[in-house]
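To keep things clear, I will list the structure first and then write my remarks on it.
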Amino acid sequence: MAQVKFYSYFEQSFPNRLKLANKIVYQNLDRLFKKSETVELRKNDSWVIFSDLHMGDGGSTDDFKLNADLFKTALESYYNEKKYALLLNGDIEELQRFSLTKIYENWKDVYRILTFFQPKTNWSKL
């Protein structure tokens, strides 16, 4: 309820700022959409989609840590062997809380597994 009041107050007090911020966000999203690659989905393609991994630094606040072994095993032992294409959708790295360098250092084995998908079936990241 407090957020609604704050938003209403902000909207009433700074309507031009809110409109400008929204306009910039939509312009950036539109520009990104227009530059995005199109991937053709063929009838016989098999895709696996993983979303919101939230990979962190491997520490106690890393949301990915508990499921990392399952994720790696599924990719390496099943989806890769069966020639699935891979789509990683949203929040793969938890960049709001950790640096990409720390994430990469801790999850090198995951990035190594992802490279298995590139030459054979490709993988994409949204």
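FYI, it's all coordinate maths here, none of it is from the lab. Since we're looking at a predicted model, the values are computed, not measured. Cβ atoms come from the backbone with ideal geometry, glycine included; neighbour counts cover every protein chain shown.
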Exercise. Got a sec to turn the phi values of the range 52-61 into Karplus ³J(HN,Hα) couplings, 6.51 cos²θ - 1.76 cosθ + 1.60 with θ = phi - 60°, whole Hz, x for Gly and Pro?
Worked result: 6, 5, 6, 5, x, 9, x, x, 5, 9
Exercise. Can you flag which of 35/102; 34/83; 83/108; 19/102; 35/108; 23/72 are past 31 Å Cα-Cα?
Worked result: 19/102; 23/72
For this session: Could you please report the charge total around residue 52, scoring K, R as +1 and D, E as -1 over all other residues with beta-carbon less than 12 angstrom from its beta-carbon?
Result: -4
Problem set entry | Diffusion coefficient, µm² s⁻¹, Stokes-Einstein with Kirkwood Rh over alpha-carbon pairs of the range 47-125 at 10 °C and 1.306 mPa s | 125
